[in-house]
1. Just rank 20, 25, 110, fewest to most, by other beta-carbon atoms within 10 angstrom.
2. How far is the Cα center of segment 106-160 from the Cα center of segment 12-53, in Å?
3. Measuring from label point to label point, each 7 Å out along Cα→Cβ, what is the residue 168 to residue 73 span in nm?
4. Among 50, 63, 37, what is the fewest-to-most ranking by other Cβ atoms within 10 Å?
5. Per-residue ellipticity at 222 nm for the chain, helices alone: DSSP H runs ≥ 4 residues times -39500 (n - 2.57), over residue total, nearest 500 deg cm²/dmol?
6. Can you pull out the trypsin sites (Lys or Arg not before Pro) in segment 88-191 that DSSP calls coil and that have at most 16 other Cβ atoms within 10 Å?
7. Is the C-alpha gyration tensor of segment 79-185 telling us rounded, prolate or oblate? Criteria: a/c under 1.5 is rounded; beyond that, a/b larger than b/c is prolate, otherwise oblate.
8. What is the fewest-to-most order of 26, 1, 131 by other Cβ atoms lying within 10 Å of their Cβ?
Amino acid sequence: MAKLLIIVITYLIGSISFAVVVSAVMGLSDPRTYGSKNPGATNIIRSGNKVAAILTLFGDIFKGWITVWLVKNIGPAYQLDACAVALVSISVFLGHIYPVFFCFKGGKGVATAAGVLLAIEPVLGIATAAMWLIIAFLFRYSSLAALITALFVPFCYLSLFGCNPIAVAIILMGILLVWRHRKNISNLLAKRERRIGDKERALNCSSNGSAY
């Protein structure tokens, strides 16, 4: 019963779309109405407001990190094991990509997944973030960076820690991340994917997807 309650709570926390909330508080247009129409930091930065994009990014990372960190570090006192950590990891991630507060239409989940990884294994989380930044900087495709890291992380975790409930959760997140980027994959193959920093094009084009 305790696990079910925590899963529901973490899903609801994950359903908080910081892209929409930050935009509303700062008096900006709803990110679901322009650019890729994806409620994430990548789409917001294309609007030209870097502060809003940074706040969105850290908000999405934080909700993934705080939920998993609390269960991992405080949960054992309440008989919550690695299985509970895995379930919470998936539930907060699902909340982000399928938020109940926004008709189940959320972001791509990269930032929230990064927060989850930082809570599970900080070194792996930092290494993953570094890999995303390097790929994004070199190629200027946030979606490509997300896809490569989504494929890299499960293999890396399995190599270091073996197969366990948390590994299963990470694999599932990786699969969902790739699935959420299926339009981006098509655009990359067709050389139609927008690059990071393409503000004007992003605001005038139809939805192609965003990495977060």
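1. Sorted ascending by nearby Cβ count, the order is 25, 20, 110.
2. Comparing the Cα centres of segment 106-160 and segment 12-53, I get a distance of 21 Å.
3. Between residue 168 and residue 73, the simple spin-label model gives 2.7 nm.
4. Working: 50 11, 63 24, 37 16.
Placing the least packed residue first, the sequence is 50, 37, 63.
5. -22000 deg cm²/dmol
6. Here the trypsin sites (Lys or Arg not before Pro) that fit, given the DSSP loop and packing criteria, are 105, 140, 191.
7. Taking the square roots of the gyration eigenvalues as a ≥ b ≥ c, segment 79-185 is oblate.
8. Working: 26 12, 1 5, 131 16.
Least crowded to most crowded, the residues run 1, 26, 131.
Throughout, read-outs are computed from the coordinates displayed, never taken from laboratory work. It should be emphasised that the depicted structure is a prediction, and the values quoted were computed from it without experimental measurement. Every residue, glycine among them, receives a Cβ derived from its backbone with ideal geometry; neighbour counts consider all protein chains shown.
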